[in-house]
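> Just passing along the structure, written as structure tokens.
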Amino acid sequence: METIITKMRLVIQRVKQAQVNVGSEVVGKIGPGMLVFLGIAKADAPADADRLVEKIAALRIFEDGAGKMNLAAPDVGGAFLVVSQFTLLGKCDKGRRPSFDDAADPAKGEKLYNYFVAQLKKQNVQVATGRFRAMMDVSLVNDGPVTFIL
């Protein structure tokens with residue numbers, strides 16, 4: 001029996017700025033804050049999104065006056081840019097072509113992606129997004145660079 005990944009995957013990057021374009025249209029843009037790539041698995045539920053939203057909203061990855069990572073995005077007026085990325089669920093351990101069997105189907109993925117974004121907006125922070133299922137160009141200026149995988 002195949003094991004199914006049961007947790008969302010996030011790659012978060014502290015950025016000075018980030019932007020998502022679909023073709024020539026800018027669909028999401030932030031200044032200082034976090035770029036969040038979000039992968040949703042088949043077995044994920046709203047409770048998984050709730051836990052990760054609480055985590056990233058309070059994650060202290062911004063420097064205080066002493067140069068220590070001691071402040072969260074709300075403390076520094078940081079924004080969030082959330083981009084759906086099902087490839088975070090890709091498996092490359094067999095063969096030469098990634099397997100995306102653990103990724104949620106598009107309907108479920110979009111529903112949980114929208115839920116995640118809505119819950120993040122409730123954290124009293126600015127939230128911008130990419131466009132679900134679109135081919136996107138993501139540009140960013142890393143701050144640090146500081147990158148975490150959750």
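Quick note: the coordinates plus some simple rules give every number you see, no bench work behind them. Just so you know, these numbers come straight off a predicted model, no measurement behind them. Here the Cβ positions follow ideal geometry from the backbone for every residue, glycine too, while neighbour counts run over all protein chains shown.
> Once Lys and Arg get +1 and Asp and Glu get -1 on their Cβ, which of MET136, LEU59, VAL146 lies farthest toward the positive end of the dipole of the chain?
It is MET136, whose Cα lies furthest towards the positive end.
> In addition: State whether the stretch 66-116 is rounded, prolate or oblate according to the following rule on the C-alpha gyration tensor (a ≥ b ≥ c being the square roots of its eigenvalues): a/c under 1.5 gives rounded; otherwise a/b larger than b/c gives prolate, and the remaining case gives oblate. Write down the numbers at each step before the final one.
Working: a/c = 4.67, a/b = 1.79, b/c = 2.61.
Note, shape of the stretch 66-116 comes out oblate.
> Tilt of helix 46-58 relative to the longest C-alpha principal axis of the chain, in degrees (0 to 90, nearest 10)?
With both axes taken from Cα atoms, the answer is about 30 degrees.
> Can you list the residues, at least 5 places off or on another chain, whose amide H is less than 5 Å from the amide H of GLN17, using H built in the peptide plane?
Amide H neighbours of GLN17: VAL141.
> Measuring from centroid to centroid over Cα atoms, what is the spacing of the stretch 96-112 and the stretch 21-95 in Å?
18 Å
> Going by amide H atoms built from the backbone, whose H comes under 5 Å of the H on MET8, apart from near neighbours?
HN-HN under 5 Å from MET8: ALA41.
> Want the number for GLU54 to GLU25: 0.36 nm per residue separation, take away the alpha-carbon distance, what's left?
Extending this stretch completely gives an extra 7.4 nm.
> Turning to a different aspect of this structure: Taking the highest mean first, how do the peptides 40-51, 7-18, 130-141 order by number of other beta carbon atoms within 10 angstrom per residue?
Most protected by this proxy first, the peptides run 7-18, 40-51, 130-141.
> Karplus couplings for the stretch 76-82 from phi (6.51 cos²θ - 1.76 cosθ + 1.60, θ = phi - 60°), rounded to Hz, Gly and Pro as x?
Those phi angles translate into 10, x, x, 9, 10, 10, 9 Hz.
> Each label point is 7 Å from the Cα along the Cα-to-Cβ direction; what then is the distance between the points at LYS68 and THR87, in nm?
3.8 nm
> Using Cα positions and a limit of under 16 Å, work out the lysines in reach of LYS42, with same-chain residues fewer than 8 apart set aside.
Hits, sequence-local ones excluded: LYS7, LYS91, LYS108, LYS111.
> Points 7 angstrom from Cα along the Cβ direction at ARG133 and THR147: gap in nanometres?
Each label point lies 7 Å from its Cα, and together they span 2.9 nm.
> Can you give the helix-only mean residue ellipticity at 222 nm for the chain, where every DSSP H stretch with n ≥ 4 adds -39500 (n - 2.57) and the sum goes over all residues, rounded to the nearest 500 deg cm²/dmol?
The helix contribution divided over the chain gives -6500 deg cm²/dmol.
> Okay, next question. Mind putting a number on the dipole of the chain about its Cα centre? Charges go on the C-beta only, +1 for Lys and Arg and -1 for Asp and Glu, and I need it in Debye to the nearest 20.
Taking the Cα centre of the chain as origin, the dipole is about 140 debye.
> Taking R0 as 25 Å, what FRET efficiency do you get between GLN123 and ARG97 from their Cβ-Cβ distance, rounded to the nearest 0.05? Intermediate values should be presented prior to the final figure.
Details: r = 38 Å, r/R0 = 1.52.
In this case the efficiency is close to 0.10.
> Follow-up question, since we're still on this one. For the stretch 71-112, run through the trypsin sites (Lys or Arg not before Pro) and keep only the ones in DSSP coil with at most 16 other Cβ atoms within 10 Å of their Cβ. Please report the intermediate quantities before stating the final value.
Numbers: sites: LYS91, LYS94, ARG96, LYS108, LYS111; in loops: LYS94, ARG96.
Qualifying residues, ordered by number: LYS94, ARG96.
> Same structure again: If you work out Cα Rg over 2.2 N^0.38 Å from the coordinates, which of (1) 1.05; (2) 1.43; (3) 0.96 do you get?
Read-out from the structure maps to (1).
> Roughly what % antiparallel, to the nearest 5, for the DSSP beta bridges in the stretch 18-145?
So the antiparallel bridges amount to about 60 percent of the total.
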